[in-house]
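Written out below as structure tokens is the structure these notes cover.
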Amino acid sequence: MPAAIDRAPTVTVTPEQIAFFRENGYLTVESITTPEEVRALQAVYDRIFAQRAGREEGGQFDLGGSDEEGKPAVLPQILNPLKHAPELGEIQARVNARAIAKQLLGPECDGGGSHAILKPAGYGAPTPWHQDEAYWDPSKEYCSLSVWIPFQDATVENGCLWFVPGSHRLAILPHHRINNDPRVHGLELDDFEKHTAGAVPCPIPAGGATFHRNSTLHYAGPNRSDGARRALIFGFGLPAKPRTEPRRFPWQEVNETPRQKRRAEWQAKEKSIPGKK
Ligand code: NI
């Protein structure tokens, strides 16, 4: 986890925005950073995707497809991009995102993971309806949020986020692997039409942000524009607690992703290097 940054936030949210987030489970903020920072971040972002950073260790993969070597990824994702570009952790956008997360969930709220999802120009696939918690350890209780920051305007055409207002009050609903393919990392909500009738699109300018809870239902459309749709996501939350009532996420138990295989091979190789654990 990157160290907390000793810099003052430049954006905060109003009591009305906090009330909206508590009621609806999501919030949009028009700007959490400057156009200069957005431009600098675009270049860093494009570099780590072009370098396929993290590919060998299973940290870069196709979220929406079977992730075969030599096949262009329809929805490339990098987990923990800060590992490959530490400058992403030191940005004003993150300082502001963290400060707003504390306003929304309380002062104990702090940083967790980060990831980057790219929708390539013209063919970036949709991110199906899901709840983020469906990806996580089912034995824990979460109170967290994700901050989604686009590095160009996010529109309905290029794949902005959509949310179902009030869905953060739902339990985690059944999900399955995209196309029911055990090689695909990405998850999709079962019978999504049943739960998503009231969904609202949230287009935002470059350098704006959306905030959503761990159980809020959300989706992003395909990229039908002629430019890349770049988004960086930061997680913040209270420390996860063990759950009192056990539960199972059966969709996690079928996992034949090439990413898992690459990760296992990479870990075995790391272990075999003298002096490394
Ligand atoms: Ni998500």
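Structure shown: which of K140/K261; K102/K271; K83/K269; K83/K140; K140/K194; K71/K194 lie over 31 Å apart, alpha-carbon to alpha-carbon?
Violating the 31 Å Cα-Cα cut-off are K102/K271; K71/K194.
Which residue, H218, H130, H176, has the most motion in a Gaussian network model of the chain that connects Cα atoms within less than 10 Å?
Maximum among the listed residues: H176.
Please list, by residue number, every one of the chymotrypsin sites (Phe, Trp or Tyr not before Pro) in region 105-205 that is coil in DSSP and has at most 13 other beta-carbon atoms within 10 Å.
The qualifying sites are Y123.
Treating the beta-carbon of each Lys and Arg as +1 and of each Asp and Glu as -1, no other charges, what is the dipole magnitude of the chain about its Cα centre, to the nearest 20 debye?
In total the dipole reaches around 660 debye.
At 1.4 Å probe size, with every protein chain present, just tell me what the per residue accessible area of the chain comes to in Å².
Roughly 48 Å² per residue, with all protein chains present.
Could you pull out every one of the aspartates and glutamates with an alpha carbon less than 14 Å from that of K119, ignoring same-chain neighbours closer than 8 positions?
Qualifying aspartates and glutamates at Cα under 14 Å: D46, D62, D153, E157, D226.
Does region 1-144 classify as rounded, prolate or oblate by the C-alpha gyration tensor (a ≥ b ≥ c root eigenvalues; a/c under 1.5 gives rounded; else a/b over b/c gives prolate, otherwise oblate)?
It comes out prolate by the Cα gyration axes.
Explain nothing, just compute: Karplus ³J(HN,Hα) = 6.51 cos²θ - 1.76 cosθ + 1.60, θ = phi - 60°, for every residue of region 140-151 in order, whole Hz, x for Gly and Pro.
10, 9, 10, 9, 8, 8, 10, 10, 10, 10, x, 9
Given axes a ≥ b ≥ c from the Cα gyration tensor, I'd like to know whether the chain is rounded (a/c under 1.5), prolate (a/b larger than b/c) or oblate.
The shape class here is rounded.
Quantify, in whole percent, the carbon and sulfur part of the accessible surface of the chain (1.4 Å probe; protein heavy atoms only).
In the chain, the share of accessible area belonging to carbon and sulfur is 55 percent.
Going by a ≥ b ≥ c, the root eigenvalues of the Cα gyration tensor, does region 207-277 fall in the rounded group (a/c under 1.5), the prolate group (a/b larger than b/c) or the oblate group?
Oblate shape, in that a/c is at least 1.5 and b/c is the bigger or equal ratio.
Which residue, chosen from A231, P128, C143, occupies the Cα position most advanced towards the positive end of the dipole of region 101-257, where the dipole is computed from +1 (Lys, Arg) and -1 (Asp, Glu) charges on Cβ about the Cα centre?
Toward the positive end, the furthest listed residue is C143.
Could you check how many percent of all C-alpha pairs in region 131-277 are farther apart than 19 Å?
63
Please identify the helices of the chain, taking whole runs of DSSP H, that span at least 18 Å along their own axis as judged from the Cα atoms and have a mean Kyte-Doolittle score of -1.0 or higher.
Helices passing the filter in the chain: 35-50, 92-105.
The values are calculated or read from the model by the stated rules, or taken from the named source; none is laboratory data. What you see is a predicted model, and the numbers here were worked out from it, not measured in a lab. All Cβ positions, glycine included, derive from the backbone under ideal geometry; neighbour counts span all protein chains shown. Each accessible area value is taken on the protein alone, full model and side chains, heavy atoms only, with ligands, DNA and RNA left out. Shrake-Rupley method; radii C 1.70, N 1.55, O 1.52, S 1.80 Å.
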